[in-house]
1. Determine the pairs where a residue that is under 24 Å from Ser304 (Cβ atoms) and in the same structural domain as Pro280 (by the TED database), located within the stretch 151-172, has a partner that is in a helix (DSSP H, G or I) and open to solvent by less than 10 Å² (accessible area, probe 1.4 Å) with Cβ atoms under 6 Å apart, the partner being 6 or more residues away or on another chain.
2. Residue check: is Pro378 within 26 Å of the chain's Cα centre (by Cα), of a type outside the set (Asp, Glu), assigned by the TED database to the domain that holds Gln395 and not in a helix (DSSP H, G or I)?
3. Given the options Phe355, Phe342, name the one that is closer than 18 Å to Ile162 by Cα, of a type outside the set (D, E, K, R) and surrounded by fewer than 18 Cβ atoms within 10 Å (Cβ to Cβ).
4. Give the number of residues within the stretch 400-414 that are closer than 18 Å to Gly424 by Cβ and either over 28 Å from the mean Cα position of the chain (by Cα) or in contact (Cβ under 8 Å) with a residue 24 or more places away in the chain (or both).
5. For residues that are over 26 Å from Thr453 (Cβ atoms) and either in a helix (DSSP H, G or I) or touching a His at 6+ places or on another chain (Cβ under 9 Å) (or both), tally how many sit in the stretch 276-324.
6. Tell me yes or no: at least one residue of the stretch 66-86 is modelled with pLDDT of 90 or more, open to solvent by less than 10 Å² (accessible area, probe 1.4 Å) and either polar (S, T, N, Q) or under 30 Å from Asn407 (Cβ atoms) (or both).
7. Any idea which of (1) more than 30 Å from Arg307 (Cβ to Cβ); (2) in contact with a helix residue (DSSP H, G or I) (Cβ under 8 Å, 6 or more places away or on another chain); (3) of a type outside the set (Gly, Ala, Ser) is the one Glu141 doesn't satisfy?
8. Only one of these is aromatic (Phe, Trp, Tyr), open to solvent by less than 10 Å² (accessible area, probe 1.4 Å) and touching a residue at least 40 places away in the same chain (Cβ under 8 Å): Trp111, Trp100. Name it.
Amino acid sequence: MKLRSLGIQDNALAYAMTSLGSGLMTNMFSFYYVKLFLNQYRISETAFHQAQVIFMIWNALNDPLFGYFQDNSNLTCCVKRRLSILFGSPFYAIAFLLPWFPWRVYQEGDWLCGVHLIISLCAYDGMLTFVLLAQCALFAEMSTKHENRLQLIKYNQVATLIGSSSVLFCGLISKNMENFQRFQGFALLVAFLAFGCMYYTGTHSVSQYEQGDRASEKEMAKRASDASWTSVFSLTKQIVMQHNFLFFVIMNLFQVFHLAFWNNFMLIFADHLIPPDMLPAFVKSIMYGAGFICPQLLILSSQSLLRKFGYYKVILFAFYTELITATAMMALGPGHYYILAFYLVGNMVMVTAAFSLFNLPLADIIDADLHNHKRSFPLSSMIFGTNALFTKPAQSLAPMLVVTILNQFDYKKLKDASTHVDLGALQELHNVMFYLVCLIPICVAVLQILAWTHFSIRDTHTDTAKYIDS
């Protein structure tokens, strides 16, 4: 009641707290783990690729499996979304800490370093999937009204804005990981804060399908009975045969690839393409932090556009913006360092902001599936998980592809730009990096525009409620 007197919607706040906790951890994890294992632990390229392949397989399979389990299990801790978050949160926080503490002093090419990376990636993604699938299901199940979902997006973006500051403060405190002990201490603080945030969601959130004492025993028994008659394969087939789901997944596959590209390599590209005398380390730390903070500010400032035009047109506009800016940057060339810095941040911001809206079309797909198949309960976790089955592999494909390309131009030898190296070879490497930061956004944007224009759910922002809002 105190929260409502302050104008805060308590259920939306509870939902957003998981985004805050996850954002604190995931932004740090994705931004630093590649550079940590490549530059500090000195993992071999073979071990890095092996880890990414194993991670790609696990990353794709665990989402639909967890999704099916959460939607159809008769275990209370799984079928109730808030309890999945509550019980999963401590393991999620522990998994986040795995990569930052080496198991021994690694020598270059140490096999144990490869095992460390495999376990770190798989454990972190497994717990992230278990917790965030439940949160994504909450998004679809709290309300079917577009206005209410926009409110969840608003609260979520404020939480993600705060969570994204972890990269900024980590960069300032650890000098972009140069002081590794400070980095480790900050990681411990982030894990503790993240657990507290997700614990709040687990004890305060309520779904419209879990009113009162949440799901009754009778409802859970019916859900388990339905699962016994309908296999995971037939349910998955029903989901993937939907026209809108298919084209959303194609578009989202490239978005996940593009986002992983920026998250994993912006730090490396900026260090090489922008000379230290043009932008000192302190300014670069702020620049990296802005890449994670500004997307949330952009979404919060776009609420009126989302209400007026809907997410379909806003996302399509983002794709065209990425295409135009990348083309302009390639035409200008790599010598305009301040424009290049602005482009790196701006493109990352646009990609991240567009990705932040993807729960809206997925929630509409869930509503349509519930309506078309006359289901008793929405298959929220299964639909989010099946989407991830096809899109998550891009998180591994992006670093594998880029590392392979860079190592063709001796990145492994030239990655420390401060050492005495062949200036001609270093310049060639920098040219390759510049073309990567231009050509990848151009190609991805073109493919996304082609796929997204086939998505037909475009006017839900004009509906008070598509179906009955229980």
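1. The qualifying pairs do not exist here.
2. Yes: the conditions hold for Pro378.
3. Selected residue: Phe355, the only one of Phe355, Phe342 that is closer than 18 Å to Ile162 by Cα, of a type outside the set (D, E, K, R) and surrounded by fewer than 18 Cβ atoms within 10 Å (Cβ to Cβ).
4. The first filter runs over the stretch 400-414 and keeps only residues closer than 18 Å to Gly424 by Cβ, leaving 406-414.
Narrowing the set further to residues that are either over 28 Å from the mean Cα position of the chain (by Cα) or in contact (Cβ under 8 Å) with a residue 24 or more places away in the chain (or both) leaves 406-410, 412-414.
Of the residues in that region, 8 qualify.
5. We begin by selecting, within the stretch 276-324, every residue over 26 Å from Thr453 (Cβ atoms); these are 276-294, 296-297, 300.
From what's left, either in a helix (DSSP H, G or I) or touching a His at 6+ places or on another chain (Cβ under 9 Å) (or both): 281-294, 296-297, 300.
So the answer is 17.
6. The answer is no, given that none of the residues of the stretch 66-86 is modelled with pLDDT of 90 or more, open to solvent by less than 10 Å² (accessible area, probe 1.4 Å) and either polar (S, T, N, Q) or under 30 Å from Asn407 (Cβ atoms) (or both).
7. Here Glu141 meets the rest and fails (1).
8. Trp100
The values are calculated or read from the model by the stated rules, or taken from the named source; none is laboratory data. On a predicted model such as this, the values are computed, not experimentally measured, just so you know. Positions of Cβ are backbone-derived with ideal geometry, glycine not excepted, and every protein chain shown enters the neighbour counts. Each accessible area value is taken on the protein alone, full model and side chains, heavy atoms only, with ligands, DNA and RNA left out. Shrake-Rupley method; radii C 1.70, N 1.55, O 1.52, S 1.80 Å.
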